[in-house]
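Reviewing the structure listed below.
The values are calculated or read from the model by the stated rules, or taken from the named source; none is laboratory data. Quantities reported herein were computed from a predicted structural model and do not represent experimental measurements. Note: ideal-geometry Cβ built from the backbone for every residue, glycine included; neighbour counts use all protein chains shown.
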Amino acid sequence: MIRTGGIDLGGTKIEAQKFDADWNVSDKRRIETPTTYLELVAAVVDQICWLQKENPNLPVGIAAAGLANPNSGTWISANLPANGMPFVQDVAKAAGGRYTWLNDCRAFTQAEAIFGAGQSEGTIVGLVLGTGIAGGVSIDGALINNGNGQSGEFGHMPISGAIISAHNLPILKCGCGRFGCYETYGSGPGMERLAKHLLGRDLSSREIELGRSTPDISRVWEIWCEINAALILTIMTTIDPRTIVLGGGLSKIPGIIEALESALKRVAWRELTLPSIRLGTRGETAAALGAAYEAYHV
């Protein structure tokens, strides 16, 4: 029996997943993300139709890069050709139903809090480190997504002035339009910007990962970890999570947890307990699973 369906909608692929009664993936279907708006709407509708082919009333959750503007209803995203468009409304109109939408990083957090590395009582933070930085907050298994849907946009908090000053870093404009966000240096592209500024070299995040044993590149790595430790400290003093679950491409770097914990110990209050930092366990199913779980419980 198929319990619900989930769609992971990202900048490169749209993957639909069917979940059985035990929340395991029973079937999935992946297509490329189109580059134009009308084709994007049609592609999402096509995946919804595939999920609901045998059950038109099947709950469907959509985990998408970005979020809906609560005032205008238009979509906000740097990675989908839907920015400024009534994306949710157009999909609903074309597919003939109402669907549950979650930011993909909030959906990741939901999946890990219920089924993955964040299964415990208390406050859990999902932190996705990749092309950008975002996440979500779950308390006792309940995703916190009230207000205007901005909870979890950790990458767009202002970076520590002490770090900027200590390493003489330029204050950069972020993709959100503001200056000095954590994402400008703490993301994958941010790591590459650090290398360019500190070493005068164009290095990919993969090259930095593999070259961490060399003195010059190790400095880039250490400062990148310092930046993300400062971000985690900001989250700690604001939310005080019991567990932080890492996701995104950079979470796969070997030794990242130990490196972040070491950097965090240098800046945190020594008298207080640090949160447990863990790797997400749900892999590529996390975003679709979190959205599907939310849709089932609406």
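Each row is one residue, and each column tells you yes or no for (1) of a type in the set (A, V, I, L, M, F, W, C); (2) over 23 Å from Leu279 (Cβ atoms); (3) free of Cβ contacts under 8 Å to residues at least 12 places away in the same chain.
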site	(1), (2), (3)
Tyr182	no, no, no
Ser218	no, no, yes
Trp224	yes, no, no
Ile227	yes, no, no
Pro241	no, no, no
Leu246	yes, no, no
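If I ask for residues that are part of a loop (DSSP other than H, G, I, E, B) and more than 20 Å from the chain's Cα centre (by Cα), which ones from segment 166-181 would you list? Spell out the reasoning first.
Within segment 166-181, the subset part of a loop (DSSP other than H, G, I, E, B) is 167-172, 174-178, 180.
Selection gives His167, Asn168, Leu169, Pro170, Ile171, Leu172.
Does Thr238 fit the bill of being under 25 Å from Ile114 (Cα atoms), β-branched (Val, Ile, Thr) and in the same structural domain as Leu143 (by TED's automatic domain parsing)?
Details: under 25 Å from Ile114 (Cα atoms): yes; β-branched (Val, Ile, Thr): yes; in the same structural domain as Leu143 (by TED's automatic domain parsing): yes.
Spelling it out, Thr238 is indeed under 25 Å from Ile114 (Cα atoms), β-branched (Val, Ile, Thr) and in the same structural domain as Leu143 (by TED's automatic domain parsing).
The conditions are (1) surrounded by fewer than 21 Cβ atoms within 10 Å (Cβ to Cβ); (2) modelled with pLDDT of 95 or more; (3) closer than 17 Å to Gly152 by Cα; (4) touching a strand residue (DSSP E or B) at 6+ places or on another chain (Cβ under 8 Å), and Leu231 fails exactly one of them. Which is it?
With (1) surrounded by fewer than 21 Cβ atoms within 10 Å (Cβ to Cβ); (2) modelled with pLDDT of 95 or more; (3) closer than 17 Å to Gly152 by Cα; (4) touching a strand residue (DSSP E or B) at 6+ places or on another chain (Cβ under 8 Å) applied to Leu231, the lone miss is (1).
Could you run through segment 69-91 and say how many residues are within 20 Å of Lys13 (Cα to Cα) and either among the hydrophobic types (A, V, I, L, M, F, W, C) or free of Cβ contacts under 8 Å to residues at least 24 places away in the same chain (or both)? Full working, then the answer.
Initially, segment 69-91 is screened for residues within 20 Å of Lys13 (Cα to Cα), giving 75-83, 85, 87-88, 90-91.
Applying the additional criterion that residues be either among the hydrophobic types (A, V, I, L, M, F, W, C) or free of Cβ contacts under 8 Å to residues at least 24 places away in the same chain (or both) yields 75-78, 80, 82-83, 85, 87-88, 91.
The qualifying residues number 11.
Only residues that are within 27 Å of Thr131 (Cα to Cα), modelled with pLDDT of 95 or more and assigned to a loop (DSSP other than H, G, I, E, B): list them for segment 36-80, please.
Residue satisfying the conditions is Thr36 alone.
Quick check on Gly126: is it within 11 Å of the chain's Cα centre (by Cα) and either buried (at least 24 other Cβ atoms within 10 Å of the Cβ) or over 29 Å from Gly211 (Cβ atoms) (or both)? Outline the logic, then answer.
Working: within 11 Å of the chain's Cα centre (by Cα): yes; either buried (at least 24 other Cβ atoms within 10 Å of the Cβ) or over 29 Å from Gly211 (Cβ atoms) (or both): yes.
Considered against the rule, which asks whether it is within 11 Å of the chain's Cα centre (by Cα) and either buried (at least 24 other Cβ atoms within 10 Å of the Cβ) or over 29 Å from Gly211 (Cβ atoms) (or both), Gly126 comes out as yes.
Can you name the condition, by its number, that Leu203 falls short on among (1) touching a His at 6+ places or on another chain (Cβ under 8 Å); (2) surrounded by 15 or more Cβ atoms within 10 Å (Cβ to Cβ); (3) at pLDDT 95 or above; (4) assigned to a loop (DSSP other than H, G, I, E, B)?
(1)
Output the residue which, of all residues in segment 265-283 that are outside any strand (DSSP E or B) and touching a strand residue (DSSP E or B) at 6+ places or on another chain (Cβ under 8 Å), is farthest from Ile223 (Cα to Cα). Break it down stepwise before answering.
Here is the first cut: in segment 265-283, the residues outside any strand (DSSP E or B) are 265-275, 280-283.
From what is left, the residues that are touching a strand residue (DSSP E or B) at 6+ places or on another chain (Cβ under 8 Å) are 275, 280.
Values: Pro275: 21, Gly280: 24 Å.
So the residue we want is Gly280.
Would you mention how many residues in segment 210-251 are more than 22 Å from Gly180 (Cα to Cα), assigned to a helix (DSSP H, G or I) and not charged (D, E, K, R)? Full working, then the answer.
Going residue by residue through segment 210-251, those that are more than 22 Å from Gly180 (Cα to Cα) are 210-218, 240-247, 249, 251.
Retained after the next criterion (residues that are assigned to a helix (DSSP H, G or I)): 210, 215-218, 249, 251.
Going one step further and asking which of them are not charged (D, E, K, R), we end up with 210, 215, 217-218, 249, 251.
The number of residues fulfilling the criteria is 6.
How about segment 182-200: which of its residues are part of a loop (DSSP other than H, G, I, E, B), buried (at least 19 other Cβ atoms within 10 Å of the Cβ) and among the small types (Gly, Ala, Ser)?
Ser187
Looking for whichever is farther than 22 Å from Gly175 by Cα and touching a Cys at 6+ places or on another chain (Cβ under 9 Å) here; the options are Ala95, Ala113, Ala65. Which one fits? It would help to see each step written out before you state the result.
Details: Ala113 fails: touching a Cys at 6+ places or on another chain (Cβ under 9 Å); Ala65 fails: farther than 22 Å from Gly175 by Cα.
After applying the criteria, what remains is Ala95.
Please go through segment 150-165 and pick out each residue that is outside any helix (DSSP H, G or I) and buried (at least 18 other Cβ atoms within 10 Å of the Cβ). Steps first, please.
Of the residues in segment 150-165, the ones outside any helix (DSSP H, G or I) are 150-153, 157-160.
Within segment 150-165, Ser151, Gly152, Glu153, Ile159, Ser160 meet the criteria.
Inspect all residues belonging to segment 133-141 and state whether any of them is part of a helix (DSSP H, G or I), touching a residue at least 40 places away in the same chain (Cβ under 8 Å) and within 23 Å of Asn79 (Cα to Cα).
Within segment 133-141, the subset part of a helix (DSSP H, G or I) is none.
The answer is no; no qualifying residue exists.
With (1) aliphatic (A, V, I, L, M); (2) surrounded by 22 or more Cβ atoms within 10 Å (Cβ to Cβ); (3) closer than 29 Å to Met191 by Cα; (4) within 16 Å of the chain's Cα centre (by Cα) as the list, and Ala82 as the residue in question, which single condition is left unmet?
Going through the list (1) aliphatic (A, V, I, L, M); (2) surrounded by 22 or more Cβ atoms within 10 Å (Cβ to Cβ); (3) closer than 29 Å to Met191 by Cα; (4) within 16 Å of the chain's Cα centre (by Cα), Ala82 breaks only (4).
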